[in-house]
Amino acid sequence: MLEIKGLCSGYGKKQVLKSVSLTLEKGRLISVIGPNGSGKSTLLKTLVGINRVFSGEIAVDGIPLSSLSSRERARKISYLSQGMTIPDMTVEEVVLQGRFPHLSYPCVYTEKDKELSIEAMKRVGILPFAQNRLSSLSGGMRQSVFIAMALAQNTDYILLDEPLTYLDVSHQAELMRLLKELAADGRCVVTVTHDLPLAFNFSDSVAVMSNGSVLLHSTPCDACKNGCIDTLFGVQLLNTEYGYILNNMK
Amino acid sequence: MNSSSKSCYQTQLKIKTLYAVGIIFVIVSTALGIAVGSTSLSLAELFDGLDSVSGRILLYVRLPRSIGSVVCGMALALSGAVIQSVLANKLAGPSIIGVNSGAGLAVAVSAALGIYGGFRLSLLAFAGAFVATMLLNFGVQKWKMGKGSVVLVGVALNCLFNALTDVVTTLEPDIRIITGDFKIGELQGVTYSKLIPATVVAVISLVILMTLRNELGVLSLGEDNARGLGMNTSRMRCIFLALSALLAGSAVSIAGLVSFVGLIVPHTVRRVSGNHPHHLLPLCALYGGGFVCLCDTLSRVLFSPYEIPVGIIMAFLGVPFFILLLVRGRRSDYAGD
């Protein structure tokens with residue numbers, strides 16, 4: 001369990017997160033939603049040590065995050081940033097780098113690391129493309145490669161910052177299905193997204209953020225009834241027999 | 001054999017072939033560098049004995065020069081490959097962003113102080129290259145520069161260091177001849193007192209760099225993702241830039257400001273081996289060494305008995321290559337964020 005209590009954080013001296021408290025459990029797909037600038041990406045970056053913690057506590061499986069070294073933390077939490085750099089490498093080379101936190105100097109990937117990265121590629125269905133250059137793949141395939149890298153990292157917590165960006169509708173749904181499966185395997189998968197219907201249709205719970213605070217963390221059904229979506233986004237989210245759909249014809 | 005393992009086998013075969021060709025390239029280039037020159041010597045004369053004229057030419061002229069050209073090419077190609085990976089900009093060669101000219105300024109200062117060789121010269125050259133790299137890195141980190149700005153700031157630093165070198169030569173006219181050849185980049189005056197310290201520094205840097213190849217791969221995933229994988233990116237960036245400065249400094253202390261090697265070789269090798277530093281770095285070392293050695297031999301025989309500095313040949317090859325990269329390269333390789 002990833003427990004966040006009274007977390008204040010930000011960039012440099014600028015505070016973005018204001019006393020955020022949240023519990024992220026294993027076996028669940030959690031979507032973090034909110035308007036631009038609400039602190040969603042900042043929250044994820046703080047959880048992996050990219051942003052400084054001003055005050056508050058973060059504990060992973062009962063261990064304070066501040067007591068872990070950066071490599072120890074990376075062995076527990078994997079993170080994929082928004083708008084990933086596309087390195088001019090093969091799929092296999094990129095996925096193998098997920099094993100980096102498990103190595104010490106000199107960093108040499110072992111046969112076991114290679115086996116684990118092959119398993120990760122199999123899991124997301126990209127093994128046939130292992131020798132392809134990343135730049136030659138479609139946006140959807142690239143996201144799968146980065147998710148395989150996070151799987152190779154072999155962590156219980158996977159944090160993804162806007163993984164649906166640049167993907168078409170079918171690839172978005174495919175990716176959400178994959179994330180749901182990964183959560184069903186016993187991992188905690190947290191994704192930041194702007195796509196409300198996908199977040200509500202696929203997630204086990206939804207955390208709604210605004211102005212650096214978490215307004216609500218509940219099941220999609222309760223979040224839909226709450227009315228905060230209408231207030232924050234100015235659109236209506238309807239729970240229909242076909243799932244959650246947007247009604248923005250106000 | 002399924003398509004995945006067949007593809008894997010083909011990739012491994014390609015990499016092995018590249019290594020084999022690279023090793024042969026270095027050996028052939030070095031052998032040519034020793035055998036060929038403005039003074040025509042037969043194979044028998046070359047190994048006549050160290051007391052003979054031909055033996056002295058072999059031991060004191062051609063051997064240090066050939067080894068020097070290999071070390072210089074290896075160091076500059078490696079330095080270029082590392083700088084390009086760390087700054088995420090494929091145009092960021094050591095001769096373009098002011099690393100070489102930083103080392104050049106330090107060598108001019110050391111010449112003014114009467115230091116023409118030895119470890120002191122190598123260390124001063126490294127210090128100059130290091131200051132230049134760190135100044136650029138500081139700017140990149142402090143002002144969050146885009147890829148295009150990095151090169152432009154580097155070009156500005158390059159001009160600044162060249163101007164400072166000119167100030168030194170104006171104040172100390174006696175070193176003008178040295179710095180004149182030095183600015184073009186030439187291997188005519190390579191002596192063991194210059195070669196040995198620079199080679200020791202370059203080889204140590206090379207060995208350390210080879211143990212850090214996979215770290216460089218992680219760094220190329222971008223700042224946030226590398227940190228997400230548990231890397232202390234600021235520290236690693238400084239280590240890589242210090243190593244690239246050591247390499248550039250050692251090359252400059254041997255041959256002066258030989259330009260474009262750090263651009264041409266990494267780009268060409270990347271096209272065939274891919275971008276992962278695991279193979280990119282050793283292959284750059286091999287092909288860089290062979291390339292400069294071959295160009296130096298050409299510089300001696302093209303207009304024999306006259307000799308043109310190897311830096312001129314590099315510039316003739318490098319300028320069209322640089323423009324071609326600008327015109328045909330992906331915009332994301334060198335501009336924007």
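The values are calculated or read from the model by the stated rules, or taken from the named source; none is laboratory data. All figures in this text were calculated on a predicted structure; none of them were measured in a lab. Here Cβ is always computed from backbone atoms with ideal geometry, including for glycine, and neighbour counts include all displayed protein chains. Accessible surface is based on the protein model in full, side chains and every heavy atom, while ligands, DNA and RNA are left aside. Shrake-Rupley method; radii C 1.70, N 1.55, O 1.52, S 1.80 Å.
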Completion exercise
Counting Lys and Arg as +1 and Asp and Glu as -1 over every other residue whose Cβ sits under 10 Å from the Cβ of A:Ile126, the net charge comes to +2
Completion exercise
Ranked by GNM mean-square fluctuation in chain B (Cα springs under 10 Å), the top entry among B:Asp296, B:Asp174, B:Asp166 is B:Asp174
Exercise for the section: Give me the angle, in degrees from 0 to 90, between the Cα long axis of helix A:169-184 and the longest principal axis of the Cα atoms of chain A, rounded to the nearest 10. Expected result: 80
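Working out 0.36 nm times the residue gap between B:Thr170 and B:Ser38, then minus their Cα-Cα distance, what length gain in nm do you get to one decimal? Before the final figure, lay out each step's value.
Working: separation 132, 0.36 × 132 = 47.52 nm, distance 3.36 nm.
The span from B:Thr170 to B:Ser38 would gain 44.2 nm if fully extended.
Set the Förster radius R0 to 35 Å, insert the Cβ-Cβ distance between A:Ser135 and B:Arg235 as r into 1/(1 + (r/R0)^6), and round the FRET efficiency to 0.05.
After rounding, the FRET efficiency stands at 0.75.
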Exercise for the section: With 22 Å as the limit, write out which pairs from A:Lys76/A:Lys114; A:Lys13/B:Lys142; A:Lys5/A:Lys76; A:Lys76/B:Lys144 have Cα-Cα distances beyond it, or answer none. Expected result: A:Lys76/B:Lys144
Exercise for the section: Identify all lysines with a Cα-Cα distance to B:Lys194 below 21 Å; exclude those on the same chain that are fewer than 8 residues away in sequence. Expected result: B:Lys183
Exercise for the section: Compute the FRET efficiency between B:Val207 and B:Ile323 as 1/(1 + (r/R0)^6), taking r as their Cβ-Cβ distance and R0 = 45 Å, and round to the nearest 0.05. Expected result: 0.80
Problem - Listed residues A:Asp161, A:Asp113, A:Asp222, most fluctuating in chain A (Gaussian network, C-alpha, under 10 Å) - result: A:Asp222
Completion exercise
Cross-link reach from A:Lys122 to aspartates and glutamates, straight Cα distance under 16 Å and at least 8 residues apart if same chain, gives A:Glu92, A:Glu93, A:Asp113, A:Glu174, A:Glu181, A:Asp185
Practice task
Using a 10 Å Cβ count of at most 16 others and DSSP loop calls, identify the longest part of chain B lacking such trypsin sites (Lys or Arg not before Pro).
Solution key: B:145-329
Problem - Neighbour-limited loop hits for trypsin sites (Lys or Arg not before Pro), region A:1-53 (at most 10 other Cβ within 10 Å; DSSP other than H, G, I, E, B) - result: A:Lys13
Fill in the blank from the handout: Counting only protein heavy atoms and leaving out ligands, DNA and RNA, the solvent-accessible surface of A:Cys221 at a 1.4 Å probe, in Å² to the nearest 10, equals 50
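Please report the antiparallel percentage of DSSP beta bridges with both residues in the protein assembly as shown, rounded to the nearest 5.
On the way: 27 of 44 bridges.
Percent antiparallel among DSSP bridges in the protein assembly as shown is about 60.
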Handout entry: Within 10 Å of each Cβ in A:45-53, the average number of Cβ atoms from other chains
Key = 2
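Can you list the DSSP H helices in chain B whose Cα atoms extend at least 24 Å along the helix axis and whose mean Kyte-Doolittle hydropathy is 0.5 or higher? Don't skip to the answer; put the middle values down first.
Details: long enough: B:3-35 (47 Å, 0.88); B:63-86 (34 Å, 1.38); B:118-143 (38 Å, 1.10); B:147-171 (37 Å, 1.40); B:192-211 (29 Å, 1.87); B:233-255 (33 Å, 1.36); B:277-301 (36 Å, 0.87); B:310-328 (27 Å, 2.45).
Going by DSSP H runs, the hits are B:3-35, B:63-86, B:118-143, B:147-171, B:192-211, B:233-255, B:277-301, B:310-328.
How much FRET efficiency would the formula 1/(1 + (r/R0)^6) give for B:Val301 and A:Lys122, where r is the Cβ-Cβ distance and R0 is 45 Å, rounded to 0.05? Working shown, then result.
Details: r = 56 Å, r/R0 = 1.25.
So the FRET efficiency works out to roughly 0.20.
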Practice task
Enter the buried accessible area of the B/A pair, total of both sides, probe 1.4 Å, in Å² rounded to the nearest 100.
Solution key: 2600
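Give me the percent of DSSP beta bridges within region A:150-250 that run antiparallel, rounded to the nearest 5.
Values: 10 of 15 bridges.
So the antiparallel bridges amount to about 65 percent of the total.
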Handout entry: Within 10 Å of each Cβ in A:92-101, the average number of Cβ atoms from other chains
Key = 5
Problem - Per residue accessible area in Å² of the protein assembly as shown, where ligands, DNA and RNA are left out and the probe is 1.4 Å - result: 43
